[in-house]
1. Over all distinct alpha-carbon pairs, what is the Kirkwood Rh of the chain in angstrom?
2. At 222 nm, what value in deg cm²/dmol follows for the chain if DSSP H runs of at least 4 each add -39500 (n - 2.57) and the sum is divided by all its residues, to the nearest 500?
3. List the trypsin sites (Lys or Arg not before Pro) in segment 1-102 that DSSP assigns to loop (not H, G, I, E or B) and whose Cβ has at most 15 other Cβ atoms within 10 Å. Which are they?
4. Taking every DSSP beta bridge that has both residues in the chain, what percent is antiparallel when rounded to the nearest 5?
5. May I ask you to order 65-72, 5-12, 107-114 by the average number of other C-beta atoms within 10 Å around their residues, highest value first?
Amino acid sequence: MLPESGGVVLLCGDLSSGKTTLVQTFVRSLGIDSCVTSPTFSLQHCYEDTVFHYDIYSKGVEHFISLGLLEELERDGYHFVEWADDKLAKLLQECGLITLLIEIEKSIEGSRHYRVSSYA
């Protein structure tokens, strides 16, 4: 669904739903040997020059935009944004960025259900 050069992946789900775990698995699948953690307080983590990981939970979309991080999403590579919302999805769509939305739901039993949509 995303081109080989990358794109933006918006990750939505409750606390402990597995957003960061999904990024960890993706980074490992690329053969990158980095410790992947949630960028909750730093806002952005970079893994080599291939994977960029953002967390906008504490500051929101407006803060993300005000810091100029929207332009970061235009760089080649895979950009994972935790706690994205409809406002960001619409904005990225208007900018013409290839975007994938992954909604993660955790069941009572602990399994995960993934709903994947794409915006072009």
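What follows draws every value from the coordinates through simple rules; no lab data is involved. Remember, predicted model here, so these are calculated numbers, not experimental data. Don't worry about glycine lacking a Cβ; one is built from the backbone with ideal geometry, like all the others, and counts go over all protein chains shown.
1. Values: mean 1/r = 0.0692 Å⁻¹.
Mean inverse Cα-Cα distance, inverted, gives 14.5 Å.
2. Details: 4 runs with 31 residues, N = 120.
Per the formula, -7000 deg cm²/dmol.
3. Values: sites: LYS19, ARG28, LYS59, ARG75, LYS87, LYS90; in loops: LYS59, ARG75.
In loop regions of segment 1-102 (DSSP not H, G, I, E or B), the sparsely surrounded trypsin sites (Lys or Arg not before Pro) are LYS59, ARG75.
4. Roughly 40 percent of the DSSP beta bridges within the chain come out antiparallel.
5. Numbers: 65-72: 13.2, 5-12: 20.5, 107-114: 8.5.
Highest-to-lowest ranking by the protection proxy: 5-12, 65-72, 107-114.
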